């Protein structure tokens, strides 16, 4: 659901008032809502479903879903050993072999992959077929990145966020002992939850290595719109707050990026999973606290943080964390 500024976010605080200011865009994105809708419609306590991994990266939601017959498994072997006949691909996606292996075992597969992740998977395949060496800007351990590499299905691919971890250490045309230069065609796609500023810095450096001597470089910005919207909304908070709390699961890449954006722009920012993690020392001398949340963070978890701050002397946003639009339909 889209988020609009609350009244308290735009009014002038009275002298001595301490406020909670929520970001204009925060919490669940439509891809996460879609994944949860699919899995909740499919599962019952009598007809359980085992996502291979966390359906989304939020522990409160994962715990809540267990009561509805959704229990994660590390792999198909574990799911089968626990008696599951139905398994699910999470919102982060997976390689094509998972569905093939499930079919071989006679297991029903439910696919909740975010369509924006599917777009990256298909793009990776296309770029490889066009002769590009594929660079996935992202965390090599993340299930989304692993899935993209599996769909690319090539040895000419690497996942990293650091230039010095690429298989090349020189510009095209440079020679000398130990010099390894890139191939003629290199393309970059991004994990959907990354920081655009960091992606551009990485891409600009890599482009300078690739384009000499007739090299061809292609950047495909596949950071998803909800991630960008949440990062841009956070940037608009910077001048209004003394502290930022980014609420989301520890495994949530996009929540971690929100905290990074705040810190990079000079406002002390913390990634927290739940209000109990807030250190009272963080609140000393703070007038306005900015609250944002990752795309896999439900409203009730955000509200718990707001209530904690309210109980510690901060004025909550008037009307809650977001307006309610009963007629809202996500633009898939």
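Based only on other Cβ atoms within 10 Å, what is the fewest-to-most ordering of 238, 55? Spell out each step's value before the answer.
Numbers: 238 15, 55 28.
Ascending Cβ contact count within 10 Å gives the list 238, 55.
For a protection proxy built on the mean count of beta-carbon atoms within 10 angstrom, sort 185-194, 223-232, 99-108 highest first, please.
Values: 185-194: 25.3, 223-232: 20.9, 99-108: 13.4.
By packing density, highest mean first, the sequence is 185-194, 223-232, 99-108.
I'd like the projected area of the range 116-220, averaged over all directions, using the convex hull of its alpha carbons. Report it in nm² with one decimal. Each step should come with its number before you reach the end.
Details: hull surface 24.8 nm².
Averaging across all directions leaves 6.2 nm² for the Cα convex hull.
Report the FRET efficiency, 1/(1 + (r/R0)^6), for residue 78 and residue 274, where r is their Cβ-Cβ distance and R0 is 25 Å, rounded to 0.05.
On the way: r = 27 Å, r/R0 = 1.09.
After rounding to 0.05, the efficiency reads 0.40.
Before rounding to the nearest 500, sum -39500 (n - 2.57) across all DSSP H runs of length at least 4 in the chain and divide by the residue total; then give [θ] at 222 nm in deg cm²/dmol. Display every interim value, and only then the final one.
Values: 12 runs with 119 residues, N = 332.
About -10500 deg cm²/dmol.
If you count the DSSP beta bridges with both ends in the chain, what percent of them are antiparallel, to the nearest 5? Don't skip to the end; give the middle numbers.
On the way: 1 of 37 bridges.
Around 5 percent antiparallel, to the nearest 5.
What Rg and what Dmax come out for the chain when only alpha-carbon atoms are used, in angstroms?
Cα radius of gyration and Dmax of the chain are 22.0, 68 Å respectively.
In the range 146-177, which residues have a backbone nitrogen under 20 Å from the label point lying 7 Å from residue 101's Cα in the Cα-to-Cβ direction?
Counting only backbone N, you get 146-155.
Computed from the coordinates by the stated procedures, all read-outs in this text should not be read as laboratory data. Please read all numbers here as calculations on a predicted model, not as lab measurements. Because the Cβ atoms are built from the backbone with ideal geometry, glycine has one as well, and the counts that use them run over all protein chains shown.
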